[in-house]
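The values are calculated or read from the model by the stated rules, or taken from the named source; none is laboratory data. Since the structure is predicted, the reported quantities are computational estimates derived from the model, not experimental observations. A quick note on method: Cβ atoms are made from the backbone with ideal geometry, for glycine too, and the neighbour counts reach across all protein chains shown.
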Amino acid sequence: MIWPKDFSNRLTSWVDLRQQVLELEAPVALSTLNRWWLHSPWCPYYLHWDDFQDWPDPWQLLSDNIYCDIARGLGIMYTLAMLDRKDLGNSILVESDQGNLVLVDDEKYILNWSPSQVVNTSLSVSKIKRRVTQEQLLHKFK
């Protein structure tokens, strides 16, 4: 996948992504979302947990086009929230000893770990330092 260079194309690609995964089985949908976001251009620092109140909304995130691990996880969370699927509605973004991860369905699926896979129950996330739920993020764009 080639990451879209301009905002208009990124926005179109993101809309297409959401349409594509809307009816897919949960594991396939999550794998597709994970792969899409983990192909974004990575940078080591952009967002910080201490600045949660100032984190960008989904459109600003796509416009800024700067993706550290938190920003990628945030993009995954926004995408999941906008899908409005009950089977994917229980997700949280966490800062843990394993990194900044997106946990879906009570840790049944772990995203933002590797572009080629969605980790399932074979990895247990421990030592969660901070978390933000899907519901908390919905307030950023409603």
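Listing for the model above:
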quantity	calculated
Residue identified as farther than 16 Å from TYR109 by Cα and in a helix (DSSP H, G or I) among TRP59, TRP3	TRP59
Complete set of residues in the range 62-82 that are within 12 Å of the chain's Cα centre (by Cα), hydrophobic (A, V, I, L, M, F, W, C) and not in a helix (DSSP H, G or I)	CYS68
Selected residue (criterion: surrounded by the most Cβ atoms within 10 Å (Cβ to Cβ)) from residues of the range 18-56 that are aliphatic (A, V, I, L, M) and in a loop (DSSP other than H, G, I, E, B)	LEU47
Test: residue in the range 66-75 that is of a type in the set (Val, Ile, Thr), closer than 19 Å to MET1 by Cβ and in contact with a Cys (Cβ under 8 Å, 6 or more places away or on another chain)	yes
Inter-residue pairs, beta-carbon under 7 Å, first closer than 11 Å to LEU47 by Cβ and at pLDDT 95 or above and in the range 70-81, second crowded, with 23+ Cβ neighbours inside 10 Å and polar (S, T, N, Q), 6+ apart	ARG72/ASN112; GLY73/ASN112
In the range 57-70, the residues that are among the hydrophobic types (A, V, I, L, M, F, W, C) and buried (at least 16 other Cβ atoms within 10 Å of the Cβ)	LEU61, LEU62, CYS68, ILE70
